[in-house]
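These notes concern the structure reproduced below.
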Amino acid sequence: MKNNSEKIVTRFAPSPTGFLHIGGARTALFAYLWARKNNGTFILRIEDTDKEREVAGSVEQIIETLGWLGIDFDYGPEKPGPFGSCIQSERLDTHREFAQKLIDKGLAYPDPYTQEELEGFREKAKMEKRPFLFRDHRPEKFEKWDGSKPLRFKVSEIKRYKWHDEVRGDLEAGEDALDDFILIKSDGYPTYNFAHIVDDYFMGVTHVMRGDEYISSMPRFLSLYDALEIKYPIFATLPPILREDKTKKLSKRDGVKDILEYRAEGFLPEAFINFLAFIGWNPGTEQEIFSRDELKSAFELGKIQKAGAVFNEIKLLWLNHEWIKKMPANERNAKIKTIIGDFNPSFSLSDEVVAKIAHIVIERVQKWGDLKIMLESGELDYFFTMPKIENKEKLVWRDEKDFINTLEYLTEVIKKLSNTDAKNWNTSDELKNIIWDYATEKGRGAVLWPIRYALTGKDKSPDPFVVASILGKEETIKRLESAIALF
RNA sequence: GGCCCUAUCGUCUAAUGGUUAGGACGGGAGCUUCUCAAGCUCCAAAUCCGGGUUCGAUUCCCGGUAGGGUCACCA
């Protein structure tokens, strides 16, 4: 870090117009990581100045989502800072005050046109294939603003703006991007263009991190900073997240999911954050699995990608599996117990059995929803109920060269199993030892097939020895007996 | 249409003047002398195009092309 003593302050400033999706969550995460890395301050500011589009409950949902992801903020709704409220609509006095300053300087004026007139100008510009600029229609004399008309900023100097972006480098944009934009709407609420600059100033925001849709507005922002005599913050433009076909930026129209849906599907927040961080950023090493703390220390603005990235759910699934494997065993077992219990409360699950089922979960479950699906599809039924075997033919190994007399064989196995010492007993090992003798003579398939089928009623299953050890001696013998009863 | 941004395997990306262009996901093959899964090993797979600068360009410059963004009383 540079040797300035200024404390780093970042913010995530969503509008409460719906749920948080992948793009918003990524922006929040990057701003959060940068603040935390530098022992700075992270603010959640709600930009609710568009009362038309506001969706009830979205603030709560955004907070819930950030909570799930473990993105904690120092100031936010219900947590005002020394600068006051973090809800933009509660800061209107401040916006007014700054608007008045501009009016006093002759840098703001009421827009005299009707919506229809404006629309006409816009149509005309489009027909003539040139960009629409309000300043071409700026009135010669400014009326006094009474709040009934929108208040516009009078851009005083049409020039080329140059600025630095931590991600994109040195940028500049020209005169065409400069215009008399609206500061305060006729409903009295400020626009984003105006409010975010004033609020950032009061909140002491040092780093503005946002998507690249704002780049083209930079000359306007810069001209306003100048007019307000506010020092520029540091800008960091994040790359867009693209649709799978790469033809468009991902938007809510494309059916992007609410982040909370990922929670419902059984993704771990650790995995989700890990993945989110890698969309448009990477540490430059070959490490891919990063804990929250590792992300905090590794995160660098300079390593943020310039180009857009596609959100790849398949890789997220892989990462989630990695995190399930990394979970502390007791935590994982508790989760397994909960899921199975929710599915069928009548299943009695000792900690010992859960721990054994966990082995299978680690192999097969990429996200917790998978376990639910396995339970629902009956894939794991044999752990809880006696399998139904349609007929004895199912138990017979077909390959003639490894012919085995199933009835004799199973009878023998039961006898040997029953004779084993119950002390220090482990079904897995016992069964393995017994079957081993046969396996040396016959193919492994020949000896394992009847056992697997008798225990599970299925031709595809985890290792039958593991199944047997989960079932225990008594149940294992019971199922083998039930199988030979068919003969 | 104006302005602006971007461009390495299918995807996420490493390498900023000198590498057999590296890793990960996904895909393919094999191993694990039982199935499925997991695991391990191996393989295929990329510098958008054209000029220039240079002994040498993924890398620097110019021009194309393609994609994206923006031109709201939305953020």
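The values are calculated or read from the model by the stated rules, or taken from the named source; none is laboratory data. Being a predicted model, the structure only gives us computed values, none of them experimental. All Cβ positions, even for glycine, are placed from backbone atoms using ideal geometry, and neighbour counts span all protein chains on display.
Numbers below:
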item	result
Extreme residue, surrounded by the most Cβ atoms within 10 Å (Cβ to Cβ), among residues of the stretch A:323-379 that are of a type in the set (Lys, Arg) and under 15 Å from A:Ile470 (Cβ atoms)	A:Lys356
Filter result for the condition that a residue is over 43 Å from the mean Cα position of the chain (by Cα), of a type in the set (Phe, Trp, Tyr) and within 10 Å of RNA strand B (Cβ to nearest atom), over A:Tyr161, A:Tyr113	A:Tyr113
Breaking point among (1) out of contact with any helix residue (DSSP H, G or I) (no Cβ under 8 Å at 6 or more places or on another chain); (2) crowded, with 20+ Cβ neighbours inside 10 Å, for A:Glu474	(2)
Qualifying residue in the stretch A:182-202 (condition: in a helix (DSSP H, G or I) and under 22 Å from A:Gly308 (Cβ atoms))	no
Qualifying residue in the stretch A:24-44 (condition: in a loop (DSSP other than H, G, I, E, B) and within 16 Å of RNA strand B (Cβ to nearest atom))	no
Selection within the stretch A:74-120 - over 22 Å from A:Glu54 (Cα atoms) and assigned to a loop (DSSP other than H, G, I, E, B)	A:Asp74, A:Pro82, A:Phe83, A:Lys105, A:Gly106, A:Leu107, A:Asp111, A:Pro112, A:Tyr113, A:Thr114
Selection count, the stretch A:164-215, where residues are among the hydroxyl-bearing types (Ser, Thr, Tyr), within 25 Å of A:Pro80 (Cα to Cα) and near RNA strand B (Cβ under 8 Å from one of its atoms)	3
Selection within the stretch A:121-134 - of a type in the set (A, V, I, L, M), assigned to a helix (DSSP H, G or I) and surrounded by 14 or more Cβ atoms within 10 Å (Cβ to Cβ)	A:Ala125
Answer from A:Glu64, A:Glu52 - the residue that is outside the structural domain of A:Met203 (by TED's automatic domain parsing), within 12 Å of RNA strand B (Cβ to nearest atom) and surrounded by fewer than 17 Cβ atoms within 10 Å (Cβ to Cβ)	A:Glu52
Unmet requirement for A:Ser428, which otherwise passes all of (1) closer than 19 Å to A:Lys458 by Cβ; (2) small (Gly, Ala, Ser); (3) at pLDDT 90 or above	(3)
Filtered residues of the stretch A:182-196 (kept if closer than 20 Å to A:Phe42 by Cα and surrounded by fewer than 22 Cβ atoms within 10 Å (Cβ to Cβ))	A:Tyr192
Any hit, the stretch A:272-284, residues being surrounded by fewer than 19 Cβ atoms within 10 Å (Cβ to Cβ) and among the aromatic types (Phe, Trp, Tyr)	no
Hits in the stretch A:177-187 - residues which are in contact with a helix residue (DSSP H, G or I) (Cβ under 9 Å, 6 or more places away or on another chain) and more than 8 Å from A:Leu151 (Cα to Cα)	A:Ala177, A:Leu178, A:Asp179, A:Asp180, A:Phe181
Cβ pairs under 9 Å, 6+ apart, first in the stretch A:213-225 and of a type in the set (S, T, N, Q), second outside any helix (DSSP H, G or I) and near RNA strand B (Cβ under 6 Å from one of its atoms)	A:Ser216/A:Ala173
Residues within the stretch A:455-487 that are free of Cβ contacts under 8 Å to residues at least 40 places away in the same chain, within 15 Å of RNA strand B (Cβ to nearest atom) and not in a loop (DSSP other than H, G, I, E, B), tallied	2
Only one of A:Ile362, A:Ile414, A:Ile404 that is part of a loop (DSSP other than H, G, I, E, B), among the β-branched types (Val, Ile, Thr) and touching a residue at least 12 places away in the same chain (Cβ under 8 Å)	A:Ile404
Criterion (more than 17 Å from the chain's Cα centre (by Cα) and without any contact (Cβ under 8 Å) to a residue 12 or more places away in the chain) met by exactly one of A:Glu286, A:Glu300	A:Glu286
Residue identified as in contact with a strand residue (DSSP E or B) (Cβ under 8 Å, 6 or more places away or on another chain) and surrounded by 15 or more Cβ atoms within 10 Å (Cβ to Cβ) among A:Lys149, A:Lys144	A:Lys149
Helices (runs of 4 or more DSSP H) enclosed by the stretch A:235-333 - at least 1 residues per element that are among the charged types (D, E, K, R), within 14 Å of RNA strand B (Cβ to nearest atom) and not assigned by TED's automatic domain parsing to the domain that holds A:Ala358	A:313-326
Scope the stretch A:118-133; condition within 7 Å of RNA strand B (Cβ to nearest atom) and not charged (D, E, K, R); matching residues	A:Leu118, A:Pro131, A:Phe132, A:Leu133
